[in-house]
Amino acid sequence: MTLVLFSLGVYTAATGSGLACQAQWPLCSDQLIPTLAINPDFIEWFHRVWAMVTGFLIVGVAGWTWLGSFDRRTKLAATLAVAILPLQITVGAITVTVGGLVPGGYTVSTHAAHLVVALCIFTLLALATIWGGGRGSPRLLR
């Protein structure tokens, strides 16, 4: 889910669809659900919905590591992914809310910050997966 979200985010940015929702967040063009056609509004909306579902699953994975018999590093990696999730959501919201709402919102620096935080979350989840599978060796991580 996180890798697909990462790809959707890159596609959304590449098509310029982030601005399609008229600087509204969490709504898109004054609607909860835009027209279900492949257009910039739908691309941005779909990225947001996929991100929401993925966010809930990330929280669930962290909870699962704490309820299960996972080691400390697995719990730590999953918990850190959840801890930086609000930062990712905030930077994503800033990225698409321009037009005077947030000065400099749709810039290279905010896109870069959004990408870097996404990479951190993905890396932490990958580590939690490798370590939680009981096969986490330094060779496998390389």
*Just going by the charge dipole of the chain, with Lys and Arg at +1 and Asp and Glu at -1 on Cβ, which of Gly133, Ala20, Leu32 is farthest out on the positive end?*
Gly133
_GNM result for the chain, Cα springs below 10 Å: residue of Ala112, Ala13, Ala37 fluctuating most strongly_ = Ala37
*asked:* Could you derive backbone 3J(HN,Hα) for the stretch 116-130 from the dihedral phi with the Karplus parameters 6.51, -1.76 and 1.60 (θ = phi - 60°), listing whole Hz in sequence and x where the residue is Gly or Pro?
replied: 5, 5, 4, 5, 5, 4, 4, 4, 4, 5, 5, 5, 4, 5, 5
*Under a point-charge model restricted to the Cβ atoms of Lys and Arg (+1) and Asp and Glu (-1), what is the dipole moment magnitude of the chain relative to its Cα centre, in debye to the nearest 20?*
760 debye
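Find the Cα radius of gyration of the chain, compare it with 2.2 N^0.38 Å by division, and give the number to two decimals. Walk me through the numbers on the way to the answer.
Details: Rg = 16.7 Å, N = 142, 2.2 N^0.38 = 14.5 Å.
Compactness ratio reported: 1.15.
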*How much area per residue is accessible in the stretch 57-98 when the probe is 1.4 Å and only protein heavy atoms are counted (Å²)?*
55 Å²
*Solvent-accessible area, 1.4 Å probe, carbon plus sulfur percent, for the chain*: 73 percent
*Residue-by-residue Karplus 3J(HN,Hα) for the stretch 71-84, coefficients 6.51, -1.76, 1.60, Hz, glycine and proline x*: 6, 4, 5, 5, 4, 5, 4, 5, 5, 5, 4, 5, 5, 8
*Largest first, how would Ile33, Ile94, Ile38 line up by accessible area (1.4 Å probe)?*
Ile38, Ile33, Ile94
*Report the Cys residues of the chain lacking a disulfide-compatible partner, meaning no second Cys Cβ under 4.7 Å from their Cβ.*
Cys120
*For the stretch 47-63, take each phi angle, set θ = phi - 60°, evaluate the Karplus expression 6.51 cos²θ - 1.76 cosθ + 1.60, and give the result in whole Hz per residue in order, putting x for glycine and proline.*
4, 5, 5, 4, 5, 5, 5, 4, x, 5, 5, 5, 4, x, 5, 4, x
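For the chain, what relative contact order do you get, as a whole percent, if you take Cα pairs closer than 8 Å and at least 6 residues apart?
Numbers: 133 pairs, mean separation 33.5, N = 142.
It rounds to 24 percent for the chain.
The values are calculated or read from the model by the stated rules, or taken from the named source; none is laboratory data. Because the structure is a prediction, the values reported are computed rather than measured. Cβ sites come from the backbone with ideal geometry, for glycine too, and all protein chains shown count toward neighbours. Protein only, heavy atoms only, side chains kept; ligands, DNA and RNA dropped before computing areas. Shrake-Rupley method; radii C 1.70, N 1.55, O 1.52, S 1.80 Å.
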